[in-house]
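For reference, the structure is listed below as structure tokens.
The values are calculated or read from the model by the stated rules, or taken from the named source; none is laboratory data. Small disclaimer: the values here were computed from a predicted structure and weren't measured. As a convention, Cβ positions derive from the backbone with ideal geometry for all residues, glycine included, and neighbour counts pool all protein chains shown. Ligands, DNA and RNA are excluded from the accessible area calculation, which covers all protein heavy atoms including side chains. Shrake-Rupley method; radii C 1.70, N 1.55, O 1.52, S 1.80 Å.
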There are 2 protein chains.
Amino acid sequence: MSRKELPLVGQAGCCTPLAAAPLSEDDATELARGFRALGDPVRLRLLSLIASFAGGEACVCDLTDAFDLTGPTISHHLRVLRETGLVESERRGTWVYYKVVPEKLASLSVLLQVPEATLTATPA
Amino acid sequence: MSRKELPLVGQAGCCTPLAAAPLSEDDATELARGFRALGDPVRLRLLSLIASFAGGEACVCDLTDAFDLTGPTISHHLRVLRETGLVESERRGTWVYYKVVPEKLASLSVLLQVPEATLTATPA
């Protein structure tokens, strides 16, 4: 695992919701990196596109075709997603294939979970 | 609801995971705003601190005491959280009170949910 990757918080796919206890400074710094990577429309669409492909894996050729952006721009965004550990890549023959790392997505998802009961209240 | 607030995606607390279908450009733009607001360690800690307080509500006086930052810096981060609809505020007497908007957190959490089965695989 490269040093730039976002570490898993707690067990794979199982961490503590924000509401459970105040986040430490170190955890907040690492988790904010993950959310910052998601905080861009192109990266969110790339992630969604990769995750939606059969088998959760997409060839970089499929991704560039879906955007009205240059190859280097797409590559930059894919690199950010890879460096934060949200996707991983593998070269097979001519093409690089990307797939989502479900444990990383899950660790961020759990962080934002709120108790069921609070969702029954009238939205503000 | 101010025009700057992050709209709920689908029903309150119930939207479509990233893997279900490729995100539209408009949805990605709005959702990325929410993640960008979470992509800062101070804002994540503020949100966690507010959510951890009894009743999910905290006085601004409780928040400033917890950080080694100036009042205006804390206020700036609280404003970003409020403008994206992640928290809401109410003035009561001398103090402003902040509380988390659970539906907004839930809509971002659901987006990052992955099928259970994919989490049983060996992490990469």
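Our summary of shape: the Cα atoms of segment B:25-110 have principal axis extents of 42, 25, 19 Å, ordered from largest down, in whole angstrom.
For the pair B and A, the buried accessible area comes to roughly 3500 Å² in total, with a 1.4 Å probe and the value rounded to the nearest 100.
Here segment B:25-110 has 47 percent of its accessible surface on carbon and sulfur atoms, given a 1.4 Å probe and all protein chains in place. Here B:GLU90 yields copy-to-copy label distances, from shortest upward, of 5.3 nm, the label point defined as 7 Å from Cα along Cα to C-beta.
Summed over the residues of segment A:52-109 and divided among them, the accessible surface reaches 47 Å² per residue at a probe radius of 1.4 Å.
Kindly identify residues of segment A:22-40 having a loss of at least 30 Å² in accessible area between the isolated chain and the assembly of all protein chains, probe radius 1.4 Å. Those are A:PRO22, A:LEU23, A:GLU25, A:ALA28, A:ALA32, A:PHE35, A:ARG36, A:LEU38, A:GLY39, which lose 30 Å² or more relative to the chain on its own.
Note on B:GLU90/A:ASP26: beta-carbon distance plugged into 1/(1 + (r/R0)^6) with R0 of 22 Å gives a FRET efficiency of 0.10. One chain, two ends: A:ALA54 and A:ARG79. Fully extended at 0.36 nm per residue, the span grows by 6.8 nm beyond their Cα-Cα distance.
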